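I have placed the structure first, in the form of structure tokens, so that the comments after it can refer back to it.
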Amino acid sequence: MLDSITRFAGYCGKGMMVALFLVALIYLFFQEKNKNHRMIFLYMPVVTLLLYFCPLVSKLVYSFIGEDLYWRFLWLLPIVVVIAYTAVKIISTLQGKKQIVAGISLGLIVILSGSFIYRSEHAFYAGNPYHLPQCVVDICEEIEPEEGKVRAAFPIELLPYVRQYSVRIEMPYGREYILLDWARRSELFYALDAETLDVERVAELARQDECDYLVFWKGKILNGDFMDYGFETVDIVGDYMIVRDVMEKK
Amino acid sequence: MLLAKIGILCVLLLVIPFGIGAGVSAFVEKYKKNIVFCWIAGFLTEWGIFQIIAVPAIIKGMSFSRLTVIYVTGMALLALLGSGLWIMKQKKAPGLSVVSGGAMSRTEKILWVIAGLGILFQLVMNFVMAFEDGDDAFYVTNSNLAVTYDSMYRLLPYTFGTTVLDYRHCLAPFPIWIACLAKVSGMHPTIVSHSVIPLVMISLTYGIYGLIGCRLLEGKRKYRPLFLIFAELVVLWGNYSVYTAETFLISRSRQGKALLCSLVVPAIFLLIHMIGEKLLAGKKVEKAIWFLVMMAVLTAGLGSTMGNFIVGLQLGVFGICLFFTTRKWKNLIPVVICMIPAVVLMLMYVLLR
């Protein structure tokens with residue numbers, strides 16, 4: 001029960017929109033006369049909430065979908081429809097200018113109860129139709145082969161994007177390094193993540209992992225020259241330097 | 001070239017779903033002339049059928065290109081058949097409409113314009129703004145892998161390399177449906193996922209909200225655009241947590257989870273509201289509506305393996321409420337039948353994982 005409440009609070013988040021939804025349900029309980037409207041948009045959400053908070057149900061659901069995803073149960077609450085309908089229902093009971101005042105006030109209440117989606121910390125202006133960071137597109141275009149595939153190691157901040165653009169680029173490690181708390185990440189990852197690159201070690205590890213390319217932040221301090229270890233600089237794209245293993249081609 | 005790609009996408013996302021939906025809607029008395037309902041019904045049917053074809057195809061190891069040919073050809077034929085059926089059924093009452101009934105007042109027109117501009121704003125914003133989400137590295141890359149390597153759920157999306165069939169995700173192959181669009185249109189799967197799909201999902205979702213609003217406000221036509229405006233406000237300010245269906249609709253619309261929570265769940269609310277109206281009036285529910293409920297259940301599975309559970313629960317709660325309102329257990333039989341695809345897919349998940 002406590003778990004369900006915690007997850008419900010997590011779903012409610014920082015706004016008052018769910019509270020507004022509950023108030024709207026109370027309003028509909030007293031004001032809605034249509035049997036069908038009541039059944040679908042009043043009784044159903046109430047039964048859903050009762051089931052959600054029922055310990056027996058949560059135990060059963062946990063065993064099937066796991067505790068972490070229990071909050072998805074709450075997707076069954078028709079929050080948009082119930083709030084919008086209640087607002088319109090209130091406005092329709094009024095006349096003349098009172099309708100305009102009520103409409104603006106209710107609109108403001110909705111706005112103040114929520115959080116504007118386009119101000120999300122995850123939203124940013126897309127520089128291209130792929131909606132990927134432009135530097136990823138540019139780097140991939142630089143190293144992507146027309147046929148076959150290449151293998152390249154990237155810094156952690158670019159891992160989720162590379163293969164969205166091109167699956168012809170293999171990676172020795174990928175987004176799983178961000179997603180999961182890996183106890184043992186690959187040595188190449190740590191070597192390439194260090195503030196000062198031990199060039200000899202990075203070159204050796206890259207070759208062990210059969211990497212054709214290495215991509216790293218251009219501001220990193222290098223304790224040697226990649227050319228001495230069979231690598232050549234391909235380009236500097238945005239904030240990133242690309243080097244290629246040319247050992248076999250020599 | 002770009003225009004040709006856009007043209008093909010328009011055929012796939014507008015013409016074909018509309019043709020299929022017209023065929024289904026022809027059998028729904030109240031909505032046979034409603035263009036929005038036709039479009040939504042077309043998509044639900046298309047997605048439901050894709051789920052039926054794609055899951056066995058993936059498990060059997062069929063190539064992606066073969067699946068695409070079968071699916072797209074089938075849908076094109078269904079669209080022709082649907083259009084034919086609609087024309088035959090409409091001979092006595094031609095013409096399409098979005099909103100029926102007499103002339104609109106000036107206020108009503110202004111409110112419709114505001115509602116329309118609100119939707120347009122969201123479409124433009126979702127085209128010009130990117131929403132970062134790590135799960136794209138899995139879903140979008142799977143679409144990309146299908147198009148590039150002609151393989152479905154047998155390659156590792158994060159790095160590379162072959163793997164055994166990913167049973168958990170192959171039961172919800174929404175990324176493969178996106179890949180089909182990319183393959184046929186020639187557009188990059190990532191562009192289809194990030195720039196095209198949100199436009200379709202947002203439009204469809206507001207179509208569903210619009211239809212629900214029209215039903216709730218029957219006899220109060222002038223308030224319908226106001227309902228849509230409030231719905232838009234709730235969606236736009238719906239990012240009060242990262243878990244909400246509204247957040248998923250705007251920021252993760254290319255993912256199957258968004259298809260489930262922001263489109264299928266409201267679509268089922270629309271359909272069961274139609275069913276409830278008929279049953280409470282003691283009338284018979286058209287088979288086409290039950291068919292669409294079943295297609296919506298299959299679509300939920302297409303979006304997410306958990307969708308089978310979520311919509312199963314939604315229909316279960318509807319069944320409980322319906323029984324206590326009508327006191328007729330016979331009304332529950334079609335509800336239970338509609339849940340069968342969800343139960344089958346859940347069993348497959350349990351047995352195969």
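Bear in mind these aren't lab numbers, they're just calculated from the coordinates by the rules spelled out. Computed from a predicted structure; not experimentally measured. Here the Cβ is made from the backbone with ideal geometry for all residues, glycine too, and neighbour counts use every protein chain on show.
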Full-stretch length increase - B:L120, B:A103 - with 0.36 nm per residue and alpha-carbon distance subtracted: 3.7 nm
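Using only alpha carbon pairs under 8 Å that are at least six residues apart, calculate the relative contact order of the range A:134-245 and give it in whole percent. Could the numbers behind the result be given before it?
Working: 172 pairs, mean separation 28.9, N = 112.
In percent, rounded to a whole number, it is 26.
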Three-way shape label, the range B:227-353, alpha-carbon gyration tensor, a/c 1.5: oblate
Antiparallel bridges, percent of DSSP beta bridges restricted to the protein assembly as shown (to nearest 5): 65
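I need the calculated FRET efficiency for the pair A:D193 and B:D150, taking r as the beta carbon distance and R₀ as 51 Å, to the nearest 0.05. Spell out each step's value before the answer.
Values: r = 35 Å, r/R0 = 0.69.
According to the calculation, E is roughly 0.90.
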Peptide-level mean, for B:299-311, of C-beta atoms on other protein chains within 10 Å: 2
Cα-derived Rg over Rh, computed across chain A with Rh taken as Kirkwood radius: 1.19
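Quick one: compute the contact order of chain A, relative version, from alpha carbon pairs under 8 angstrom and 6+ residues apart, as a percent.
Values: 256 pairs, mean separation 33.1, N = 250.
Once divided by the residue count of chain A, the mean separation gives 13 percent.
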B:D166, A:D3 arranged by Cβ crowding within 10 Å, fewest neighbours leading: A:D3, B:D166
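Rounded, prolate or oblate for the range A:2-119? Axes are the square roots of the Cα gyration tensor eigenvalues, ordered a ≥ b ≥ c, and the cut-off for rounded is a/c under 1.5. Intermediate values should be presented prior to the final figure.
Details: a/c = 3.32, a/b = 1.67, b/c = 1.99.
Oblate shape, in that a/c is at least 1.5 and b/c is the bigger or equal ratio.
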Projected label distance in nm at B:W329 and A:K98, using a 7 Å step from Cα toward the beta-carbon: 5.0
Inter-chain Cβ neighbour average for residues B:157-163, partner chain, 10 Å: 6
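Please average, across the residues of A:147-154, the number of beta carbons from any other chain that are within 10 Å of each residue's own beta carbon, and give a whole number. Mind showing how you got there, number by number?
Numbers: counts 0, 0, 3, 0, 2, 0, 0, 0.
Mean shielding by partner chains, rounded to a whole number: 1.
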Hits among aspartates and glutamates - C-alpha to C-alpha of A:K59 under 15 Å, sequence gap 8 or more where chains match: A:D3, A:E67, A:D68
Eligible lysines near B:K222 by straight Cα distance, threshold 19 Å, same-chain separation 8 or greater: A:K89, A:K97, A:K98, B:K109
Rel. contact order, % - alpha carbon contacts under 8 angstrom, at least six apart, chain B: 20
Residue among A:L2, B:L228, B:A57 farthest towards the positive dipole end of the protein assembly as shown, charges placed on Cβ: B:L228
Order by protection proxy (mean Cβ within 10 Å, highest first), peptides B:282-293, B:181-192: B:181-192, B:282-293
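Can you sort B:T244, B:T326 so the residue with the fewest Cβ neighbours within 10 Å comes first? Don't skip to the answer; put the middle values down first.
Working: B:T244 31, B:T326 17.
Going from least to most buried by this count: B:T326, B:T244.
Fewest Cβ neighbours within 10 Å first, please rank B:R254, B:R221 accordingly. Working shown, then result.
Details: B:R254 29, B:R221 16.
Lowest to highest Cβ neighbour count: B:R221, B:R254.
Where a ≥ b ≥ c are the square roots of the eigenvalues of the C-alpha gyration tensor, would you call the range B:1-131 rounded, which needs a/c under 1.5, or, failing that, prolate if a/b is larger than b/c, or oblate? All intermediate terms of the calculation are to be shown ahead of the outcome.
Details: a/c = 2.45, a/b = 1.34, b/c = 1.84.
Because a/c hits 1.5 or more and a/b fails to exceed b/c, the range B:1-131 counts as oblate.
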Hits among lysines - C-alpha to C-alpha of B:K183 under 22 Å, sequence gap 8 or more where chains match: A:K149, B:K5, B:K60
